[in-house]
1. Add -39500 (n - 2.57) for each DSSP H run of 4 or more in the chain, then divide by its residues: what number comes out at 222 nm, to the nearest 500 deg cm²/dmol?
2. Starting from the Cα of I86, step 7 Å along the direction of its Cβ; do the same at T53; then give the gap between the two resulting points in nm.
3. Take the chain, connect every pair of alpha-carbon atoms lying under 10 Å apart with a spring to form a Gaussian network, then pick out the residue of P23, P55, P82 with the largest mean-square fluctuation.
4. Just need the relative contact order of the stretch 10-71 here, percent rounded to a whole number, with Cα pairs under 8 Å and 6+ apart.
5. Pairing the Cα long axis of helix 42-53 with the longest principal axis of the chain, what angle in degrees results, from 0 to 90 and rounded to the nearest 10?
6. When only Cα pairs under 8 Å and 6 or more residues apart are kept, what is the percent relative contact order across the stretch 60-121?
7. Counting Lys and Arg as +1 and Asp and Glu as -1, what is the net charge of the other residues whose Cβ lies under 10 Å from the Cβ of A73?
8. Stretched out fully, how many nm does the piece from L115 to E19 gain, at 0.36 nm a residue minus the Cα gap?
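All of the numbers you see were taken from the coordinates with simple rules; none came from a lab. Values in this document were obtained by computation on a predicted structure and should not be read as measured data. Here the Cβ is made from the backbone with ideal geometry for all residues, glycine too, and neighbour counts use every protein chain on show.
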Amino acid sequence: MTREFTCIVCPNGCRIAVEYEIPAAAGASAPVIRSISGNLCPRGIEYVTQELTDPRRTIATSVLVEGGELPLASVRLTAPIPRDRIFDAMAVIRTLTVQAPVTAGTILVHDLLGLGTDVLVTRDVPAR
């Protein structure tokens, strides 16, 4: 199989082509990469390899604030999580409500879903 990626690791935005195979062996799930081309730096190889074997994403969203000058406080994850766990993570984040004042840098959830990432407030929201 051949697949093309646009690398997002650096400003170059390399278009990287990857030839790979999905193993037929029972229990094998990780693709076997045959070739990678089009990258201008080694980070492109790392990016494409991770995208094929263990795609990860980070989340930036907001949570409700009670009694604040703003109704929402922005939050983000401190580390990327497996792409297939985004909806699970968002289900937890959607349940969060914080009381103003809220301070940037406050951890709202430690080790979200056991994935080794925290939910971190990124904006101060003063009380009304």
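1. -5000 deg cm²/dmol
2. The answer from the label model is 2.2 nm.
3. Largest GNM mean-square fluctuation: P23.
4. Relative contact order of the stretch 10-71: 27 percent.
5. Between helix and principal axis, roughly 80 degrees.
6. 38 percent
7. Taking every other residue near A73 into account, the sum is 0.
8. Full extension of this stretch gives 31.5 nm more.
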